[in-house]
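A short write-up of the structure that comes next.
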Amino acid sequence: MFKSFKKTNSAGFSLIESLIATAIFVVVVAIGAGVFLTVSRAQHKAISVSEAQKDTRFALEAIVKEVRMGTIDFKYYEDNKIDLEGEVNELAIYGSSKEYLVFRKVGGDQEGGQLEVAINPSYQKLPGNFQSMIRENVEIKKLSFYISPSESPYKEGGEKKQPRVTIILQSEVKDQDDPVKTVKIDLQTTVTSRVYK
């Protein structure tokens, strides 16, 4: 008469178990996505800083090479009435390839600017064909040159010592994700001309 019912095990999840599993999965994915985005931003920032450092170092090394293998043009400073007793904002030299070069920063002292070079086949009192040496996202905050001696050692009666230039280069790159944050790069070196006259 009475049939006995056997209790069967159902192979599945209950609604509560499914909801808990889904909630845990969503939390894990959200944490993973947050970590991925943070790492991605940090990597992006590291790459942009590395590129800015490369550009700044390349520019400094290019100037150093030209000073070392070239001749400082003291006539340029005399013609333009630039006093070499303190810091100057332009460096005029006859470079290693026998070209006339003028390095300078464009932009005010406090604002960002660019590092430019004019390359001329011969001397010009005020060169006009300046070209940028670094990328636009790298701002030059300061470019200063200290030239010693302050008068030409090559002219008659001049102080007979090799010209020496101290270069101070400060650059800054803005974080693309947060323009308020910046990374500053400060470089300084002193180089002596190897050219003897």
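Residue count for the range 149-181, restricted to those that are surrounded by fewer than 16 Cβ atoms within 10 Å (Cβ to Cβ), polar (S, T, N, Q) and modelled with pLDDT of 80 or more: 3. For beta carbons closer than 7 Å, sequence separation of 6+ or different chains, a first residue in the range 58-72 that is more than 16 Å from Val102 (Cβ to Cβ) and a second that is part of a helix (DSSP H, G or I), there are no qualifying pairs. For the range 108-136, name all the residues that are at pLDDT 75 or above, surrounded by 13 or more Cβ atoms within 10 Å (Cβ to Cβ) and out of contact with any Asp or Glu (no Cβ under 8 Å at 6 or more places or on another chain). Passing the criteria: Leu115, Glu116, Val117, Ala118. In this structure, Gly86 does not qualify as modelled with pLDDT of 85 or more and surrounded by 17 or more Cβ atoms within 10 Å (Cβ to Cβ). Kindly indicate whether Ala92 is farther than 21 Å from Thr192 by Cβ, in contact with a Leu (Cβ under 8 Å, 6 or more places away or on another chain) and either at pLDDT below 85 or hydrophobic (A, V, I, L, M, F, W, C) (or both). When the stated conditions are applied, Ala92 does not pass them.
Check whether at least one residue in the range 49-68 is assigned to a loop (DSSP other than H, G, I, E, B) and not charged (D, E, K, R), and report yes or no. Scanning the range 49-68 turns up no residue that is assigned to a loop (DSSP other than H, G, I, E, B) and not charged (D, E, K, R).
Counting only residues that are over 12 Å from the mean Cα position of the chain (by Cα) and among the basic types (Lys, Arg), which one in the range 47-78 is farthest from Pro153 (Cα to Cα)? Among those residues, the one meeting the criterion is Lys65.
The values are calculated or read from the model by the stated rules, or taken from the named source; none is laboratory data. Note that the structure is predicted; figures quoted are calculated from it, not measured. Because the Cβ atoms are built from the backbone with ideal geometry, glycine has one as well, and the counts that use them run over all protein chains shown.
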